[in-house]
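Engineer: A single structure is presented below for examination.
Laboratory data are not the source of any read-out in this text; all were calculated from the coordinates shown. What you are looking at is a predicted structure, and each value in this text was computed from that prediction instead of being measured. As a convention, Cβ positions derive from the backbone with ideal geometry for all residues, glycine included, and neighbour counts pool all protein chains shown.
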Amino acid sequence: MKIVSNLNFNGQCREAFERYAEVLGGKLTLVTFRDMPGSQVPEEWQDKIAHVWLQAGDQALMGCDVPPAYAQKSGGFSMTLHLKTDDETRRLFAALAEGGQVTVPLTPMSWSSCFGMLTDRFGTPWMLTTQAAQTAA
């Protein structure tokens, strides 16, 4: 089993996932509503994203644009990145925070040498943390 998160957008999915692919690396597969046989969205939504898949290494992230009639406010989650080094955590934090809002600046925590929280310019909440080195007991 593989659990994959799906992010919903109100017309910004392509822009958001192009940015995520740039920041996180990986390969995008995009499908517009126009590409889907029998799509029932209005003409102005035909070029919006019905499905996107970002494959980054062995991890994946999905997303779509949700037509206004079906949109629901999301809440109660954060996308979380566990990174190997503080430098990598700082680099990705800065890239994702660009145009967004930092809610917890990068700081050491009891579980991590570098942890922070932000909401990116697309409204997606993120937590980034440097994984603590695993030591043998």
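Engineer: Amide H to amide H under 5 Å from Gly63: which residues, 5+ apart in sequence or cross-chain, H placed 1.01 Å off N in plane?
Structural biologist: Residues meeting the amide H criterion: Leu7, Val52.
Engineer: Using the basic label-point model (7 angstrom from Cα toward the beta carbon), what is the Ser110 to Gln46 distance in nanometres?
Structural biologist: 5.8
Engineer: So what are the ³J(HN,Hα) numbers for region 56-62, from phi and the Karplus equation (6.51, -1.76, 1.60; θ = phi - 60°), rounded to whole Hz, Gly and Pro as x?
Structural biologist: 10, x, 9, 10, 9, 9, 10
Engineer: Same structure, new question: In whole Hz and in residue order, list the ³J(HN,Hα) couplings for region 80-85 that follow from phi through the Karplus curve 6.51 cos²θ - 1.76 cosθ + 1.60, θ = phi - 60°; x for Gly and Pro.
Structural biologist: 10, 10, 9, 10, 7, 10
Engineer: Something else: So what's the angle, to the nearest 10 degrees on a 0 to 90 scale, between helix 86-97 and the longest Cα principal axis of the chain?
Structural biologist: 30
Engineer: How large is the charge dipole for the chain, taken about the Cα centre, if only the Cβ atoms of Lys, Arg (+1) and Asp, Glu (-1) carry charge, to the nearest 20 debye?
Structural biologist: Rounded to the nearest 20 debye, it is 280 debye.
Engineer: Please list, or write none, the lysines whose alpha carbon is within less than 29 Å of the alpha carbon of Lys48, excluding same-chain residues fewer than 8 places away.
Structural biologist: Within reach: Lys2, Lys27, Lys73.
Engineer: Remind me, relative contact order of the chain in percent, using alpha carbon pairs under 8 angstrom and six or more residues apart?
Structural biologist: 22
Engineer: Please find the FRET efficiency linking Gln101 to Gln55, where r is the Cβ-Cβ separation and R0 is fixed at 41 Å, and quote it to the nearest 0.05.
Structural biologist: 0.90
Engineer: Now for a separate question. Using modelled amide H (1.01 Å from N, peptide plane; none on Pro or chain starts), what sits under 5 Å from the amide H of Leu83, excluding residues fewer than 5 places away?
Structural biologist: Sorted by chain and number, the residues that satisfy this are Thr129, Thr130, Gln131.
Engineer: Multiplying the sequence separation of Thr119 and Arg90 by 0.36 nm and subtracting their Cα-Cα distance, what value in nm do you get?
Structural biologist: In short, 8.9 nm is gained.
Engineer: As I understand it, the value is the acute angle between the Cα axis of helix 13-24 and the longest principal axis of the Cα atoms of the chain; what does it come to in degrees, rounded to 10?
Structural biologist: 30
Engineer: So for the pair Ala71, Asn6, with labels modelled 7 Å out along Cα→Cβ, what separation do we get in nm?
Structural biologist: 1.8
Engineer: Enumerate the amide H contacts of Thr32 below 5 Å, restricted to partners 5 or more residues apart or on another chain; note that Pro and chain-start residues carry no placed amide H.
Structural biologist: Close amide H contacts, sequence-distant or interchain: Ala50.
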